[in-house]
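A.B. asks: One structure coming up, written as structure tokens, with questions to follow.
Since every read-out is calculated from the coordinates, none of them should be taken as a lab result. Remember, predicted model here, so these are calculated numbers, not experimental data. Here the Cβ positions follow ideal geometry from the backbone for every residue, glycine too, while neighbour counts run over all protein chains shown.
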Amino acid sequence: VITDTGAFTVSSGTYDADNSTVNVSGNVSIANGTIDISGGTSTINFNGTTNQTFNPGSNNCDNIFVNKIVALNNTASLIGTLGNALEIRIVDGVFDINGNNIGVITAFSNDSDSDNDGTFTLNGGETIGGITNDTDTGRVRYKGNGTIDATRMGNVFYDLEIAGTNDAGTNITV
């Protein structure tokens, strides 16, 4: 287990996570390097007490956990497309993909170990492949402006929020 209380940046070369967990309380950027998070058990755990950003570069990741210590509106925001991940788990806090495309190979869960369920936030126009919504816990929030396709995460929700502004003449598909 690696615990980083600041930013975690791979600016060149390759960081080999070697089936380990990287706990990060700051921003994560792998934009100019590569990270070997493979083997099925490596995890990036966003657990800071403030908002965080994640720039995966062109990397795939095994597991991404969002477990914000102070869950009320603290966000881990995706900056750039995330190709594939074996698992995305939102325990507490918010994971906002900010209009970026994402593909999840194996599992997505939006659950909580406390009274504050996690929130998965998207604009509604993203391409999301291989993802099945967790329908017994958590919130899915659509925040897009303009046309929103609220079927990106399926059509069954535990908690659905449409928070975007929508001008006259644009559509919300539910």
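A.B. asks: Using amide H atoms built in the peptide plane, which far-off residues or other-chain residues are under 5 Å from Ile30 H to H?
C.D. replies: Correct list: Val10, Asn55, Gly57.
A.B. asks: Next question, about the same structure. With a 10 Å radius around each residue's Cβ, average the other Cβ atoms per peptide and rank 24-30, 154-160, highest first.
C.D. replies: Top of the packing list down: 24-30, 154-160.
A.B. asks: Which order, highest average first, do 89-102, 121-134 follow once you tally other Cβ atoms within 10 Å for each residue and take the mean per peptide?
C.D. replies: Result, highest mean first: 89-102, 121-134.
A.B. asks: Let me ask another. If each of Ala31 and Asp18 carries a label point 7 Å out from its Cα toward its Cβ, how far apart are those two points in nm?
C.D. replies: Modelled inter-label distance: 2.9 nm.
A.B. asks: How do 60-67, 78-85 rank on mean C-beta neighbours within 10 Å, highest first?
C.D. replies: The densest-packed peptide leads the list: 60-67, 78-85.
A.B. asks: Follow-up. Which far-off residues, 5 or more places away or on another chain, put their amide H under 5 Å from the one on Asn23, with H placed in the peptide plane?
C.D. replies: So Asn23 has HN proximity to Ile2, Thr3, Asp4, Asn45.
A.B. asks: Let me ask another. Using r as the Cβ-Cβ distance of Asn155 and Thr49, and R0 as 41 Å, what FRET efficiency do you calculate, to the nearest 0.05?
C.D. replies: The computed FRET efficiency comes out at 0.70.
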